[in-house]
Amino acid sequence: MKFAGYLEQSWHQTSVLSLVLTPVSMVYGLAVWLRRNLFRLGLLQVRRWNVPVVVIGNLTVGGAGKTPLVIATVRALRNIGFCPGVVSRGYRRQSQCSVRATVDSDPDEVGDEPALIARLAGVPVAVDSNRPRAVDILLNDTSVDVIVSDDGLQHLRMGRSVEIAVIDDKRRFGNGRLLPAGPLREPKSRLDSVDIVVRNGGIASSEEFSMRLTLASARNLTSNEERPLSDFSGSSVTALAGIADPDHFFRQLRERGIGITGLPFPDHHRYRMSELEPLRGITVLMTAKDAVKCRRVADSHWWEVGQAIDIEPAFIEQLRELLNGATLEH
């Protein structure tokens, strides 16, 4: 096992490695505390704009359901009369310049998640590791009246009106330790200062909103034909997933009665032709996040499995109230 994999495994238990790294975590925690207070005291500058900024993030390293929540949020905001835009870092993209993501963008250039958001949400998306610069792009080039940041809870230079934290019910906070001894980017107490907490899966507490992600229909990558997943039940297919938790996707397919051979890849994996060529002529089911990267070289037997995002209606009502009362400061 590579060290990175072993390290991540140690984050979900109290291991020898996590204990050894605890002193480093204490130094990291001190740096996090110091940085936050420098922004709070005004010694480090916070950028603010004349439109509200909604940050959707999490406390842990890895996937928690941020991007599906971003998609659900901007769709809901459009339905209640807002004109939202999205900013994203574009993790592991090849280009370094500021760029707008569209439905036709190359995921290698803009990042897989911005490409997915642009395709599924249908709103302006700006990509830059410097998120304030991405906000400037949207405000200069579009007529958006609210910005939604995909991740960025720890990007304190970007002022925000509303903070939303997502908790994955399965992974939660791992061993509860800060990096590198655990998966936490900030202490759990940080949740006390956010405006909304969303629990992805499981049973939400009275102070949280519930979100559930379930599999929807399948869409062919070349013909756009749509078929219910029940059409694949009883058959044996290959399932491909380069996401934070591939096994969850594989398990959901098996629960639908589909016999699969799972091909897991690391999150944000950039596929090589040598990995995809052996799959030609084989029925393949993949996540939407993988489909945006495979569509340009797709085989007629490959299918994207959509995702249904179910979140409490009270969530958007709470967000609407916060935006209507936003002072553009947090």
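The values are calculated or read from the model by the stated rules, or taken from the named source; none is laboratory data. If you're wondering where the values come from, they're calculated on a predicted model, not measured in any experiment. Don't worry about glycine lacking a Cβ; one is built from the backbone with ideal geometry, like all the others, and counts go over all protein chains shown.
Remarks
- Test for SER193: is it more than 20 Å from LEU323 (Cα to Cα), surrounded by fewer than 16 Cβ atoms within 10 Å (Cβ to Cβ) and not charged (D, E, K, R): no
- Taken over the range 230-275, residues that are basic (Lys, Arg) and either crowded, with 17+ Cβ neighbours inside 10 Å or touching a Leu at 6+ places or on another chain (Cβ under 8 Å) (or both) amount to 1.
- Residue list for the range 173-202, restricted to those being within 22 Å of GLU113 (Cα to Cα) and part of a loop (DSSP other than H, G, I, E, B): PRO183, ARG185, GLY201
- Within the range 276-283, none of the residues are buried (at least 18 other Cβ atoms within 10 Å of the Cβ) and acidic (Asp, Glu).
- Within the range 1-46, considering residues that are under 30 Å from LEU138 (Cα atoms), charged (D, E, K, R) and exposed (fewer than 14 other Cβ atoms within 10 Å of the Cβ), the one modelled with the lowest pLDDT: ARG40
- Some residue of the range 214-234 being assigned by TED's automatic domain parsing to the domain that holds ARG272, of a type in the set (Phe, Trp, Tyr) and in contact (Cβ under 8 Å) with a residue 40 or more places away in the chain: yes
- Taken together, ALA314, ALA291 contain a single residue that is among the hydrophobic types (A, V, I, L, M, F, W, C), farther than 22 Å from LEU77 by Cα and either touching a helix residue (DSSP H, G or I) at 6+ places or on another chain (Cβ under 6 Å) or part of a helix (DSSP H, G or I) (or both), which is ALA291.
- Within the range 108-137, the set of residues being buried (at least 21 other Cβ atoms within 10 Å of the Cβ) and over 17 Å from ILE71 (Cα atoms) comprises ARG131, ALA134, VAL135.
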